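The values are calculated or read from the model by the stated rules, or taken from the named source; none is laboratory data. Note that the coordinates shown come from a computational prediction; the quantities given were computed from them, not determined experimentally. Counting neighbours? That spans all protein chains shown, and the Cβs are built from the backbone with ideal geometry, glycine included. Each accessible area value is taken on the protein alone, full model and side chains, heavy atoms only, with ligands, DNA and RNA left out. Shrake-Rupley method; radii C 1.70, N 1.55, O 1.52, S 1.80 Å.
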Amino acid sequence: MEYLAVFLPLAGFLIAALFGRTIGDKGSMYLTSALMCVALIASIVLFIDVAGTEGYTITIFTWIASDTFVLDWALRMDPLTVVMLIVVNGVSAMVHIYSIGYMAHDPHKPKFFAYLSLFTFMMLMLVTADNLVQLYFGWEGVGLTSYLLIGFWHERPSANAAAIKAFVVNRVGDFGFALGIMGTFLLFDTVQFDQIFAQVPAMADATFTFLGMEVHALTTIGLLLFLGAMGKSAQLGLHTWLPDAMEGPTPVSALIHAATMVTAGVFLLARMSPLFAEAPDALAVVAVVGALTAIVAATIGMTQFDIKRVIAYSTMSQLGYMFFAIGVSAYSAAIFHLMTHAAFKALLFLGAGSVIHAMSDEQDMRRMGGIWRQIPYTYALMWIGSLALAGIGIYGVFGFAGFYSKDIILESAYAAHSAVGGFAFWLGIIAAALTAFYSWRLLFLTFHGQPRADERVMAHVHESPPVMLLPLVPLALGALFAGIIGYNAFVGDGTEIFWANSLDPSAHAAVEAAHHVPLWVKLLPVVMAVGGIAVAYWFYVREPGLPKKVSSAVGPVDTLFARKWFFDEIYDWIIVKPARGLGWLFWKIGDGLIIDGLGPDGLSKATRRLAKRASRLQTGYVYHYAFVMLIGVVTFVSLYVYTGWF
């Protein structure tokens, strides 16, 4: 089962990439989708077998053997791994099927499905890794394949720019991750997880020299690993690539930017939870950055009009929740939210793709409206996803998936009873209200009110085909029931049994404390979410002219949010322009004037000049040549007479 769950996507990639022309478009699409469905079934079987056990490791072969350093290529199967297998293979299978309809008119279907399958395999390599080097292989693999998928429509300059931006920004985080791996090996003399975790208590007070300073080793390693996680999971500072990545096809947005690659950073920190448990300062940084990410992304999401970008900033905000859960040691709560978020966010992205398909590729919500009757199934599914995202539910009765997972994170932050926990809690509460507001802003602008598209577009508005709608049903069921079904095992009374030793025990204590917070703490997130929905209804249904008035009244604030807190402009000013200027200087002065000017270009120019002057001697007149010969003879004779050289 392990090999089926992990290697079937690789088989799909190889078949579609090597034999795509032979088996044709349909063969590539159906075969890769079928293999993903089998991989999902195998993942479900593994989940049933492994969850609640100590797990096991399957060694495939010896990968690196250098003197005393020996590293195996192995598959680590424990509760954390099998949860991620369900998430990755589940969402990927639905995206593959959905793409059969969404990419129906694309001329490069085999290549697209090959890339999807390769990305899935690389993500599986990441989550099944038994050591940091193997995890880094998967980490870089998903970075490469995300570049290929974001820039899949390479004829669009914006898609090419977005792909390059994602690749370059992630390199910053990946450099930190690589340093973290080196620091881990320096301290523990191993990169294998079990061997690292066994030594962590003995290294709690260890120090080493970094950048010329004597620093706490575990804190430094934790921060470097977190830097890598910031890049992949689009945390504040290294987040600017995520909204631009919406230039890729919508199935790519659902697969990469909702449920898989962007959660790699959360998985990494959860996997390394025994190390972070001994680095409280690093955890505090994680919590603060996560909380700031949640609120900043929510403020930006309120002002965007591209339907996919709104959902992208929502993803960034929800990732912030996962990180500040980790920052207060509620690792199981973070993974619980990762799992539920994968369902409802993939549902929202694919639902947005259905809207774009219905609106003849229109993505601007200002050119939508009044279409809910034409696409009722998409409308209903988007409602389910939005209710799950907002965390709507009735305490003690029923709630959508986000109600359970988001609330346990906020309760854990409050239960931490620390300055960092309190900071994260209150920013998370504000972000919950903003999340509900921009979710219903999206619904109302997209589906309600008077149609704002031109008559030609409105005449062609139609529901998506079954091949695009059916994959949304399992995701909708996840958005409805994943929270209530998984609550007890992930963060409830059964959490210690379910997670076994795959997470640090401090996670269980943090989540246990969350169950004993005051009632108002449990109710406040839902109250804020309902308030956000009410404000959105008032703004965009009852008083549709009100948003412009409010924007004018708070002009500078609205500009700040709409311009994304000017992160792109700041980076352009302090990094891009100086780098471009430095590059021009090296190009024109260093390379062109000095190296080429004094080197090959200078020598060739001098040779040309010499040859040009020498060519003037070749006049074609015999008496000129005789005169030159006479001068030569006189010269030799004179040298012989006066110097005796000859």
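Of the residues Ala507, Ala476, Ala514, Ala453, which is in contact with a helix residue (DSSP H, G or I) (Cβ under 9 Å, 6 or more places away or on another chain) and under 30 Å from Cys37 (Cβ atoms)? Outline the logic, then answer.
On the way: Ala507 fails: under 30 Å from Cys37 (Cβ atoms); Ala514 fails: under 30 Å from Cys37 (Cβ atoms); Ala453 fails: under 30 Å from Cys37 (Cβ atoms).
Answer to the check: Ala476.
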- Query: Can you find a residue in the stretch 215-233 that is among the hydroxyl-bearing types (Ser, Thr, Tyr) and open to solvent by less than 10 Å² (accessible area, probe 1.4 Å)?
  - Reply: yes
For the stretch 347-366 the number of residues that are open to solvent by less than 10 Å² (accessible area, probe 1.4 Å), more than 23 Å from the chain's Cα centre (by Cα) and within 24 Å of Ile100 (Cβ to Cβ) is 3
In the stretch 326-339, anything within 21 Å of Leu85 (Cβ to Cβ) and not polar (S, T, N, Q) is listed as Ile326, Tyr331, Ala333, Ala334, Ile335, Phe336, His337, Leu338, Met339
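Quick one: in the stretch 572-621, of everything that is aromatic (Phe, Trp, Tyr) and within 30 Å of Val172 (Cα to Cα), which residue is nearest to the chain's Cα centre (by Cα)? Walk me through how you get there before you give the answer.
From the stretch 572-621, those aromatic (Phe, Trp, Tyr) are 573, 584, 586-587, 621; that's our starting set.
From the residues that got through so far, the ones that are within 30 Å of Val172 (Cα to Cα) too are 573, 584, 586-587.
Numbers: Trp573: 24, Trp584: 32, Phe586: 33, Trp587: 33 Å.
So, considering only residues that are aromatic (Phe, Trp, Tyr) and within 30 Å of Val172 (Cα to Cα), the one nearest to the chain's Cα centre (by Cα) is Trp573.
Look through Leu4, Leu75, Leu31 and report the one residue that is modelled with pLDDT of 90 or more, among the hydrophobic types (A, V, I, L, M, F, W, C) and under 25 Å from the mean Cα position of the chain (by Cα).
Working: Leu4 fails: under 25 Å from the mean Cα position of the chain (by Cα); Leu31 fails: under 25 Å from the mean Cα position of the chain (by Cα).
The match here is Leu75.
Considering only residues that are assigned to a helix (DSSP H, G or I) and open to solvent by 30 Å² or more (accessible area, probe 1.4 Å), which ones fall in the stretch 40-58?
At the first step, the residues of the stretch 40-58 found to be assigned to a helix (DSSP H, G or I) are 40-50.
Leu40, Ile41, Ile44, Val45, Phe47, Ile48, Asp49, listed by residue number.
Yes or no: Leu224 touching a Gly at 6+ places or on another chain (Cβ under 6 Å), hydrophobic (A, V, I, L, M, F, W, C) and part of a helix (DSSP H, G or I)?
On the way: touching a Gly at 6+ places or on another chain (Cβ under 6 Å): yes; hydrophobic (A, V, I, L, M, F, W, C): yes; part of a helix (DSSP H, G or I): yes.
Considered against the rule, which asks whether it is touching a Gly at 6+ places or on another chain (Cβ under 6 Å), hydrophobic (A, V, I, L, M, F, W, C) and part of a helix (DSSP H, G or I), Leu224 comes out as yes.
Among the listed residues Gly176, Gly141, Gly183, which satisfies the condition of being open to solvent by less than 20 Å² (accessible area, probe 1.4 Å), more than 26 Å from His257 (Cβ to Cβ) and at pLDDT 90 or above?
Numbers: Gly176 fails: more than 26 Å from His257 (Cβ to Cβ); Gly141 fails: more than 26 Å from His257 (Cβ to Cβ).
None of the others qualify; the one that does is Gly183.
So, of the residues in the stretch 25-39 that are out of contact with any Leu (no Cβ under 8 Å at 6 or more places or on another chain) and over 11 Å from Ile97 (Cβ atoms), which turns out to be most open to solvent (accessible area, probe 1.4 Å)? Can you show your working first?
Keep residues of the stretch 25-39 that are out of contact with any Leu (no Cβ under 8 Å at 6 or more places or on another chain), which gives 25-31, 33-34, 37.
Narrowing further to those that are over 11 Å from Ile97 (Cβ atoms): 25-28, 31.
Details: Asp25: 62, Lys26: 134, Gly27: 23, Ser28: 1, Leu31: 63 Å².
The selected residue is Lys26.
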Filtering the stretch 1-13 for residues that are in contact (Cβ under 8 Å) with a residue 24 or more places away in the chain and open to solvent by 50 Å² or more (accessible area, probe 1.4 Å) leaves a count of 3
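State all residues of the stretch 301-346 that are aliphatic (A, V, I, L, M) and open to solvent by 10 Å² or more (accessible area, probe 1.4 Å); if no residue qualifies, say none.
Step one: filter the stretch 301-346 for residues aliphatic (A, V, I, L, M), giving 302, 307, 310-312, 316, 319, 322, 325-326, 328, 330, 333-335, 338-339, 342-343, 346.
Hits for the stretch 301-346 are Met302, Val328, Met339, Ala343.
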Next item on the list: Kindly indicate whether any position in the stretch 258-270 is part of a loop (DSSP other than H, G, I, E, B) and small (Gly, Ala, Ser).
Entry: no
The lone condition Ser253 fails out of (1) among the polar types (S, T, N, Q); (2) modelled with pLDDT of 90 or more; (3) open to solvent by less than 10 Å² (accessible area, probe 1.4 Å); (4) not in a loop (DSSP other than H, G, I, E, B) is (2)
Within the stretch 447-474, residues among the β-branched types (Val, Ile, Thr) and within 26 Å of the chain's Cα centre (by Cα) come out as Val473
Residue pairs within 6 Å by beta carbon, gap of at least six or interchain, first lying in the stretch 370-391 and over 25 Å from Ala431 (Cα atoms), second in a helix (DSSP H, G or I) and open to solvent by 10 Å² or more (accessible area, probe 1.4 Å), listed first then second, are Trp372/Tyr379; Tyr377/Leu469
A careful count of residues in the stretch 64-108 that are touching a Leu at 6+ places or on another chain (Cβ under 9 Å) and either open to solvent by 20 Å² or more (accessible area, probe 1.4 Å) or not in a strand (DSSP E or B) (or both) gives 25
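Can you say whether Ile311 is assigned to a helix (DSSP H, G or I), more than 23 Å from Ile484 (Cα to Cα) and within 17 Å of the chain's Cα centre (by Cα), as far as the supplied structure shows?
Working: assigned to a helix (DSSP H, G or I): yes; more than 23 Å from Ile484 (Cα to Cα): yes; within 17 Å of the chain's Cα centre (by Cα): yes.
Spelling it out, Ile311 is indeed assigned to a helix (DSSP H, G or I), more than 23 Å from Ile484 (Cα to Cα) and within 17 Å of the chain's Cα centre (by Cα).
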Regarding the stretch 503-514, can at least one residue be identified that is among the β-branched types (Val, Ile, Thr), more than 20 Å from Phe349 (Cβ to Cβ) and crowded, with 17+ Cβ neighbours inside 10 Å? yes
Next on the checklist: Among the residues of the stretch 115-132, are any out of contact with any Gly (no Cβ under 8 Å at 6 or more places or on another chain), assigned to a loop (DSSP other than H, G, I, E, B), in contact (Cβ under 8 Å) with a residue 40 or more places away in the chain and open to solvent by 10 Å² or more (accessible area, probe 1.4 Å)?
Outcome noted: yes
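Inside the stretch 607-640, can you point out the residues that are of a type in the set (A, V, I, L, M, F, W, C) and under 30 Å from Gly597 (Cα atoms)? Talk me through it step by step, then tell me what you get.
Keep residues of the stretch 607-640 that are of a type in the set (A, V, I, L, M, F, W, C), which gives 610-611, 614, 617, 622, 626-631, 633-634, 636-637, 639.
The answer is Leu610, Ala611, Ala614, Leu617.
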Of the conditions (1) closer than 20 Å to Ala162 by Cβ; (2) modelled with pLDDT under 90; (3) not aliphatic (A, V, I, L, M), the single one that Gln374 does not satisfy is (1)
Of the conditions (1) closer than 21 Å to Ile311 by Cα; (2) open to solvent by 10 Å² or more (accessible area, probe 1.4 Å), the single one that Val285 does not satisfy is (1)
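Kindly establish whether Gly620 is outside any helix (DSSP H, G or I) and open to solvent by less than 70 Å² (accessible area, probe 1.4 Å). Quick ask: steps written out before the conclusion?
Details: outside any helix (DSSP H, G or I): yes; open to solvent by less than 70 Å² (accessible area, probe 1.4 Å): yes.
In short, yes.
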Given (1) open to solvent by less than 10 Å² (accessible area, probe 1.4 Å); (2) assigned to a helix (DSSP H, G or I), Gly369 misses just (2)
